[in-house]
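*Asks:* Just passing along the structure, written as structure tokens.
The values are calculated or read from the model by the stated rules, or taken from the named source; none is laboratory data. What you see is a predicted model; the values in this text were computed from it and never measured. Please note: Cβ atoms are built from the backbone with ideal geometry, for glycine as well, and neighbour counts cover all protein chains shown.
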Amino acid sequence: MALIGIDLGTTNSLACVYKNGEIILIPNQLGKYQTPSVVSLTERGLFVGEAAKNNLILHPENTAASFKTFMGTSKVFSLGEQLFLPEELSALVIKQLVSDAEKFLGEPVTEAIISVPAYFNDSQRCATKLAAQMAGVNVERLINEPSAAALYHRLAYENKDGSIMVIDFGGGTLDVSIVECFENIIEIIGIAGDNHLGGNDVDNQIAMFFCCQNGFSIESLNNEEKAILYKQAEKAKISLSSNDTATMVLFAHNKEYKLILTNKLIAEICRGLFDRIKKIINQAVKNCSRRPIVNDVVLVGGSAQITALQDYLSNLFGKQVHVSPEPANAIALGIGVYAGIKLRDENMHDIVMTDVCPFSLGVGARHSTEDKTVYMETIIPRSSMLPCAKEKMFYTLYDGQRALNFKIYQGEQYYVENNLELGEITVGVNPDKAGNQWAKVTFMYDINGILYVSVESCTGEVKEKEIVNEKLHLSHEELEKSKEKLTNIIQSQFNSDGNEIIKKLVYLYQFASSAEKEHISYVISDLENAYYSGSPIICKKTYERTKELVKEFEHNISQEINFEDILSDDDYDFWDEEE
Ligand code: ADP
Ligand code: MG
């Protein structure tokens, strides 16, 4: 039974494990650490990861990406005929990572530590947990992505004391955190972020610029052309992290369009985006529980590799910013460090990590009975150190009032209608003069970002509640049902696995002996028949049966020929003749 760490990214997801004192990134079936967070369901089956990412171009209507941005919302993605919630799509990604990890580790994975952006609110955190449950794993802990990055940085830079600012710029989210590292203590003292800002936006800007320079509008392209354009934009951007220029080419409207990009151009095109990053940096500094003095700025996330951004930030700080040694893997490696702490590994047990509450928590209140609008009475202010418990007293507003009702909110806005409602608790009081009866509200916010509320009235009545997002809380039956839905879909994965096997067989065919050729062609037709039968059970059975055969073919075909066996016993020395 293993515990793994999962960086469930908007663009890419990674898994890691802490084993024998080492943090190990887990490779996927393609031998890569990063699995694109993309899901595609076509008539040929379910695809998750790289294969699904390719379908973004071929079957955009059957493919979903960036669904993390919609976690905890009621947005529905349609993949062909089937509908999915963002947490179901995330569950499919988690299932893929878990299955790769199980193959790699040779044991079942039952628990996971999953990272989330620090700015994820309660709905988004609950949705992440739900996704893991649907994938059949228990969440040991949700850890804030910047905290994980700081943990990794702390280790990578050999525990130098001081404050660092961690800027995590991924595909779809930006997180800025200020972390104080002193001896064995890592303390996050301030965070800010934007979960709609990332490398995708850079691609967008480049794509728009491409269209603008070539004199056509992006709307004039069909879906496929648009997808190719975005892919080209990303490719050019990535290429610019190691080259001075990059060329984009697009064939559309029966014409070939071209654009040559440089880092200087990227700096100009993305000026507005970079300024938004600057604003978030400002906000993170303002949000600190005490005035920070930052010794170092560290960039993590795939988009940390954008040269123009590095230059912009170095310019902003008047000092060279650091790019983390493995920017795209830093969060996963940090979760690995945390797993080591959790497992009480002796190399790690000294490190203590504290975290802060990323948003304010409170209840709706009114100053008087005349007040039409309800304001937010904060109980736990943003940036409070976790875990924390705070309480506040509330009094009746009018004569004869029989109950005190508390609606619980999260957010920074003055009027509660602009904050996120989390739940509600009501306690009874005795009819009396206004202000004579009261209730004490206690909020406890734990290290996992779970809020417990207890309300005690002067009559002695006590009500306690773990605040779970009702919309995202599934009953046992509902959870089983959604697990079954995902399992059924995964069974159809045979089709994509079946495709892979067919491809492999076709490849092996060319090296096979004529007897083997006959056998291979029989197996291919068997697989194709299973696929066209449309029955997941037949598919699965055929797939299982064929897997062994493929291994056997592979083994026979790749077997090294023993040259001694084909040497004649004659003493004739072939080399001698040449001399
Ligand atoms: P997320 O945290 O959103 O899952 P990642 O940290 O994996 O994302 O970053 C993905 C983003 O990084 C993508 O937008 C990708 O285009 C970008 N990226 C990856 N490699 C490079 C590179 N060499 N230069 C610039 N951007 C890159
Ligand atoms: Mg990330």
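*Asks:* Can you find, within the stretch 151-171, the residue that is farthest from ligand 2 (Cβ to nearest atom) among those that are more than 20 Å from LEU316 (Cβ to Cβ) and in contact with a helix residue (DSSP H, G or I) (Cβ under 7 Å, 6 or more places away or on another chain)?
*Replies:* LEU155
*Asks:* Given the stretch 358-477, what strands (runs of 3 or more DSSP E) lie entirely inside it while holding 3 or more residues that are within 30 Å of ALA132 (Cα to Cα)?
*Replies:* Filter on the stretch 358-477 gives 361-365, 403-410, 420-428, 438-445, 451-457, 462-466.
*Asks:* Out of LYS160, LYS103, I need the residue that is assigned by TED's automatic domain parsing to the domain that holds ASN282, out of contact with any Lys or Arg (no Cβ under 6 Å at 6 or more places or on another chain), surrounded by fewer than 20 Cβ atoms within 10 Å (Cβ to Cβ) and in a loop (DSSP other than H, G, I, E, B). Which one?
*Replies:* LYS160
*Asks:* Restricting the stretch 10-42 to residues that are of a type in the set (Gly, Ala, Ser) and modelled with pLDDT under 95, which is farthest from CYS539 (Cα to Cα)?
*Replies:* GLY21
*Asks:* Same structure again: Restricting attention to the stretch 11-42, and to residues there that are surrounded by fewer than 22 Cβ atoms within 10 Å (Cβ to Cβ) and closer than 19 Å to PHE169 by Cα, which single residue is farthest from ligand 1 (Cβ to nearest atom)?
*Replies:* Once the filter is applied, the top-ranked residue is TYR33.
*Asks:* While we're here: Show me the helices (runs of 4 or more DSSP H) found entirely inside the stretch 519-579 where at least 2 residues are at pLDDT 80 or above.
*Replies:* So the answer is 536-558.
*Asks:* Same structure again: Looking at the stretch 226-253, which of its residues are surrounded by fewer than 16 Cβ atoms within 10 Å (Cβ to Cβ) and either among the aromatic types (Phe, Trp, Tyr) or in contact with a strand residue (DSSP E or B) (Cβ under 7 Å, 6 or more places away or on another chain) (or both)?
*Replies:* Those that are surrounded by fewer than 16 Cβ atoms within 10 Å (Cβ to Cβ) and either among the aromatic types (Phe, Trp, Tyr) or in contact with a strand residue (DSSP E or B) (Cβ under 7 Å, 6 or more places away or on another chain) (or both): SER239, ASP244, THR245, THR247, VAL249, PHE251.
*Asks:* Among the residues of the stretch 43-88, what is the count of those that are under 21 Å from CYS539 (Cα atoms), crowded, with 20+ Cβ neighbours inside 10 Å and not hydrophobic (A, V, I, L, M, F, W, C)?
*Replies:* 1
*Asks:* Out of the residues in the stretch 93-119 that are touching a helix residue (DSSP H, G or I) at 6+ places or on another chain (Cβ under 7 Å) and among the β-branched types (Val, Ile, Thr), which is farthest from GLN34 (Cα to Cα)?
*Replies:* Selected residue: VAL109.
*Asks:* I'd like to verify a number: residues in the stretch 82-117 that are among the acidic types (Asp, Glu) and under 23 Å from VAL337 (Cβ atoms), how many?
*Replies:* 4
*Asks:* Residues that are at pLDDT below 90, more than 16 Å from ligand 1 (Cβ to nearest atom), assigned by TED's automatic domain parsing to the domain that holds ASN54 and assigned to a helix (DSSP H, G or I): does the stretch 286-298 have at least one?
*Replies:* yes
*Asks:* Here is a follow-up. Could you grab the pairs with beta carbons closer than 9 Å, sequence gap of 6+ or different chains, first residue in the stretch 213-241 and without any contact (Cβ under 8 Å) to a residue 40 or more places away in the chain and assigned to a helix (DSSP H, G or I), second one of a type in the set (Val, Ile, Thr) and within 16 Å of ligand 2 (Cβ to nearest atom)?
*Replies:* ALA233/VAL202; GLU234/VAL202
*Asks:* Can you name every residue in the stretch 250-268 that is under 25 Å from SER217 (Cβ atoms) and within 31 Å of the chain's Cα centre (by Cα)?
*Replies:* Residues satisfying the conditions are LEU250, LEU261, THR262, LEU265, ILE266, ALA267, GLU268.
*Asks:* Which numbered condition trips up GLN320, out of (1) more than 20 Å from GLY171 (Cα to Cα); (2) assigned to a helix (DSSP H, G or I); (3) of a type outside the set (Ser, Thr, Tyr)?
*Replies:* Single failed check for GLN320: (2).
*Asks:* I would also like to ask the following. Condition first: within 16 Å of ligand 2 (Cβ to nearest atom), in contact (Cβ under 8 Å) with a residue 24 or more places away in the chain and farther than 18 Å from PRO117 by Cα. Can you find one or more residues in the stretch 279-301 that meet it?
*Replies:* No, the stretch 279-301 has no match at all.
*Asks:* If you don't mind, another one. Checking the conditions here, which among ALA65, ALA118 is within 16 Å of ligand 2 (Cβ to nearest atom), under 27 Å from ALA233 (Cα atoms) and touching a residue at least 24 places away in the same chain (Cβ under 8 Å)?
*Replies:* From the options ALA65, ALA118, the qualifying one is ALA65.
*Asks:* Ok, one more. Before we move on, is GLU140 away from ligand 2 (no atom under 16 Å from the Cβ) and within 22 Å of the chain's Cα centre (by Cα)?
*Replies:* yes
*Asks:* (1) more than 14 Å from ligand 1 (Cβ to nearest atom); (2) charged (D, E, K, R); (3) out of contact with any strand residue (DSSP E or B) (no Cβ under 8 Å at 6 or more places or on another chain): which one isn't true of GLU256, the others all being true?
*Replies:* (3)
*Asks:* Just to be sure I understand the filter: pairs with C-beta atoms under 9 Å, separated by 6 or more residues or on different chains, first member in the stretch 168-179 and on the phi < 0 side of the Ramachandran plot and touching a residue at least 12 places away in the same chain (Cβ under 8 Å), second member among the basic types (Lys, Arg) and within 9 Å of ligand 1 (Cβ to nearest atom). Which pairs pass?
*Replies:* GLY172/LYS68; THR173/LYS68
*Asks:* From the list ILE113, ILE143, which residue is within 16 Å of ligand 1 (Cβ to nearest atom) and more than 23 Å from VAL321 (Cα to Cα)?
*Replies:* ILE143
*Asks:* Which residue, of SER78, SER66, SER99, SER74, is among the small types (Gly, Ala, Ser), at pLDDT below 95 and more than 21 Å from LYS53 (Cα to Cα)?
*Replies:* Going through SER78, SER66, SER99, SER74 in turn, the sole match is SER74.
*Asks:* Within the stretch 17-35, is there a residue that is assigned by TED's automatic domain parsing to the domain that holds LEU151, of a type in the set (Gly, Ala, Ser) and within 19 Å of MET134 (Cβ to Cβ)?
*Replies:* no
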